[in-house]
Amino acid sequence: MIKVVKFGGSSLASAEQFAKVGKIINADKERRYVVPSAPGKRNSKDTKVTDMLYACYELVEADEDFRVALMKIKDRYDTIINGLNLKLSLEEEFKKITENFKNKAGVDYAASRGEYLNGIIMANYLGYEFVDAAEVIFFDEEGNLDAEKTDKVLGNRLKKIERAVIPGFYGMGADGRVRTFSRGGSDVTGSIVAKAVHASCYENWTDVSGFLVADPRIIDHPAAIKTITYRELRELSYMGASVLHEDAVFPVRKAGIPINIKNTNAPEDEGTWIVESTCHQSKYTITGIAGKKGFVSVNIDKDMMNAEVGFGRKVLSAFEENGISFEHMPSGIDTMTIFVHQPEFEGKEQAVISSIHRLAQPDSIELEGDLALIAVVGRGMKSTRGTAGRIFSALAHANINVKMIDQGSSELNIIIGVSNADFENAIRAIYDIFVETQL
């Protein structure tokens, strides 16, 4: 049995947190491969090391003196090393980083040093072997993960190592320069490592005990999700639930490896299991609720549009011409509505309207802004009658006007459109009907 364990920035922000992580790893001999993030915030007024590195490299690009900023970063690491009583010096590493900064090694290289240096400390602290991610994780010429090459090289390397630390967030580009994933990409690294070593489980340790049914900033003490499928997770992540990087599911999903989201500060909590499929019924009809504000609906009317071949393609071409992607597209016999991100659309709205008129010749176009989309997600919805009716009933009881409803053919999710002003109340109403009262 092999477990890959990834620890987030808040779990590694200080020597005290490092000590907690060490106890967790040593408590289970199956935890053989460790993926650390860069140190996060120690308190609400603190700065993440990755953000400090970005700010430091801005000075490099502006040809300003960056050494004071870099030494502040070194102090963060020295504080952790001293707090752990390690006989380790990062002096040579920082000399190398200084030289590479002077040679304009790139912003990705700068950002990656947070994980790289934390990985060195973690390996020293645990007595594990350090494996530089730039030697085993590869990006192609387009900047995408070269999954096949990575899996082969990483798998062969780790096959020879009993216990190792592999820093998250970065790898090597096709041009020989360090490349990073998007922010939160250490989650992806952990998933890649889990697939490469055929792990029995990928544990992702953070500062929360798994996923919650709804956003705790909106719902007081929302219920926890015990088990969630990859598909449900994708739906919730896309709509704003952000405990795990949404791309982290792909490598392990293909290999059928479950992910366990755990809390470094409460390791006894079971957390949330993310699995491909399960026969376990959710405690509630729904698995989770998530949403985002800031959408515009573009309502297009044209008599007999349903009989006009290619009408939808023509309308969508108008958005493509202007570099705008759409979110949802509910339609009727003579109407079609396109939902788009408001900040992306506002500066181009007249150009888009002009393009729609030129390409599709509609009878009229109406815009409505300041809308929110809410996803109600759950595998239990497929086998439960009246889910949509209960949502409508809850929202009507809360005096919330529904602007749009869209249910996927998989019956896994229902998307509801409401005004931005009704967003929080809508989530509370839906949560209440499915979780609090369970009518």
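The values are calculated or read from the model by the stated rules, or taken from the named source; none is laboratory data. Worth saying up front: this structure is predicted, and the values here are computed from it rather than measured. All Cβ positions, even for glycine, are placed from backbone atoms using ideal geometry, and neighbour counts span all protein chains on display. Accessible surface is based on the protein model in full, side chains and every heavy atom, while ligands, DNA and RNA are left aside. Shrake-Rupley method; radii C 1.70, N 1.55, O 1.52, S 1.80 Å.
May I ask you to say which residue of 262, 283, 226, 292 is out of contact with any helix residue (DSSP H, G or I) (no Cβ under 7 Å at 6 or more places or on another chain), at pLDDT below 90 and among the charged types (D, E, K, R)? Of 262, 283, 226, 292, the one residue that is out of contact with any helix residue (DSSP H, G or I) (no Cβ under 7 Å at 6 or more places or on another chain), at pLDDT below 90 and among the charged types (D, E, K, R) is 283. Just so you know, in the stretch 325-350 the residues that are farther than 12 Å from residue 404 by Cβ and within 22 Å of the chain's Cα centre (by Cα) include one that is most open to solvent (accessible area, probe 1.4 Å), and it is 343.
With respect to (1) under 23 Å from residue 7 (Cβ atoms); (2) of a type outside the set (Asp, Glu); (3) assigned to a helix (DSSP H, G or I), the lone exception for residue 47 is condition (3).
Table: residues versus (1) among the small types (Gly, Ala, Ser); (2) on the phi > 0 side of the Ramachandran plot; (3) more than 20 Å from the chain's Cα centre (by Cα); (4) open to solvent by 60 Å² or more (accessible area, probe 1.4 Å).
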| position | (1), (2), (3), (4) |
| --- | --- |
| 141 | no, no, yes, yes |
| 154 | no, no, yes, no |
| 163 | no, no, yes, yes |
| 177 | no, no, yes, yes |
| 185 | yes, no, no, no |
| 190 | yes, no, no, no |
| 193 | no, no, no, no |
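Remark: residue 320 falls outside the filter, which requires a residue to be open to solvent by 10 Å² or more (accessible area, probe 1.4 Å), over 33 Å from the mean Cα position of the chain (by Cα) and free of Cβ contacts under 8 Å to residues at least 24 places away in the same chain. Before we move on, is residue 220 surrounded by fewer than 21 Cβ atoms within 10 Å (Cβ to Cβ), over 18 Å from the mean Cα position of the chain (by Cα) and among the acidic types (Asp, Glu)? Considered against the rule, which asks whether it is surrounded by fewer than 21 Cβ atoms within 10 Å (Cβ to Cβ), over 18 Å from the mean Cα position of the chain (by Cα) and among the acidic types (Asp, Glu), residue 220 comes out as yes.
Cβ-Cβ contacts under 6 Å between residues 6 or more apart (or on different chains), taken from a first residue in the stretch 253-267 that is within 18 Å of residue 193 (Cα to Cα) and assigned to a loop (DSSP other than H, G, I, E, B) to a second residue that is among the aliphatic types (A, V, I, L, M) and open to solvent by 20 Å² or more (accessible area, probe 1.4 Å), are listed as 258/275. Within the stretch 351-374, does at least one residue satisfy the condition of being among the basic types (Lys, Arg), free of Cβ contacts under 8 Å to residues at least 60 places away in the same chain and outside any helix (DSSP H, G or I)? Within the stretch 351-374, none of the residues are among the basic types (Lys, Arg), free of Cβ contacts under 8 Å to residues at least 60 places away in the same chain and outside any helix (DSSP H, G or I).
Total residues in the stretch 8-59 satisfying the condition of being of a type in the set (A, V, I, L, M), surrounded by fewer than 22 Cβ atoms within 10 Å (Cβ to Cβ) and closer than 24 Å to residue 108 by Cα: the figure is 3. For the stretch 110-126, the set of residues classified as over 12 Å from residue 168 (Cβ atoms), of a type in the set (Gly, Ala, Ser) and surrounded by 24 or more Cβ atoms within 10 Å (Cβ to Cβ) consists of 110 only. Scanning the stretch 80-109 for residues that are of a type outside the set (A, V, I, L, M, F, W, C), open to solvent by less than 40 Å² (accessible area, probe 1.4 Å) and free of Cβ contacts under 8 Å to residues at least 60 places away in the same chain, we see that the one that is farthest from residue 22 (Cα to Cα) is 98. Inside the stretch 78-117, residues that are in contact with a helix residue (DSSP H, G or I) (Cβ under 9 Å, 6 or more places away or on another chain) and under 26 Å from residue 64 (Cα atoms) make up a count of 22. Somewhere in the stretch 301-311, is a residue open to solvent by 30 Å² or more (accessible area, probe 1.4 Å), under 23 Å from residue 372 (Cα atoms) and more than 27 Å from the chain's Cα centre (by Cα)? The answer is yes; a qualifying residue exists. When you scan the stretch 141-154, do you find a residue that is under 19 Å from residue 97 (Cα atoms), at pLDDT 95 or above and in a helix (DSSP H, G or I), even just one? No. When restricted to residues that are over 15 Å from residue 287 (Cβ atoms), in a helix (DSSP H, G or I) and open to solvent by 10 Å² or more (accessible area, probe 1.4 Å), the stretch 225-252 contains 4. Among all positions in the stretch 376-391, there is at least one residue which is touching a helix residue (DSSP H, G or I) at 6+ places or on another chain (Cβ under 6 Å), under 24 Å from residue 234 (Cβ atoms), assigned to a helix (DSSP H, G or I) and among the polar types (S, T, N, Q). Just to be sure, is residue 103 out of contact with any Phe, Trp or Tyr (no Cβ under 6 Å at 6 or more places or on another chain) and closer than 30 Å to residue 251 by Cα? Against the criterion (out of contact with any Phe, Trp or Tyr (no Cβ under 6 Å at 6 or more places or on another chain) and closer than 30 Å to residue 251 by Cα), residue 103 does not qualify.
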